[in-house]
1. Looking only at the stretch 40-53, which residues are outside any strand (DSSP E or B) and surrounded by 12 or more Cβ atoms within 10 Å (Cβ to Cβ)?
2. Identify all residues within the stretch 4-38 that are at pLDDT 80 or above and farther than 18 Å from residue 75 by Cα; write none if there are none.
């Protein structure tokens, strides 16, 4: 019985380790016009003086969104 429980535990650990990590990024604009890339789109910065202006699946897309926001004068 202990071997079965150990086998199930190892199998569960293996499945958890092989699932890819998913990290969404968000471009956040603060009240003073400053923008930055936030590492987790689901999490939110502290306070209430910010707005998410873009959500991206990876860092490169978030950087492109930030550059576009700066060119459009959405961000400082």
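The values are calculated or read from the model by the stated rules, or taken from the named source; none is laboratory data. The model shown is predicted, which means the values in this text are computed figures rather than measured ones. Cβ coordinates were reconstructed from backbone atoms using ideal geometry, including for glycine residues, and neighbour counts include every protein chain displayed.
1. Selection gives 41, 44, 45.
2. Listed by number, the list holds a single entry, 24.
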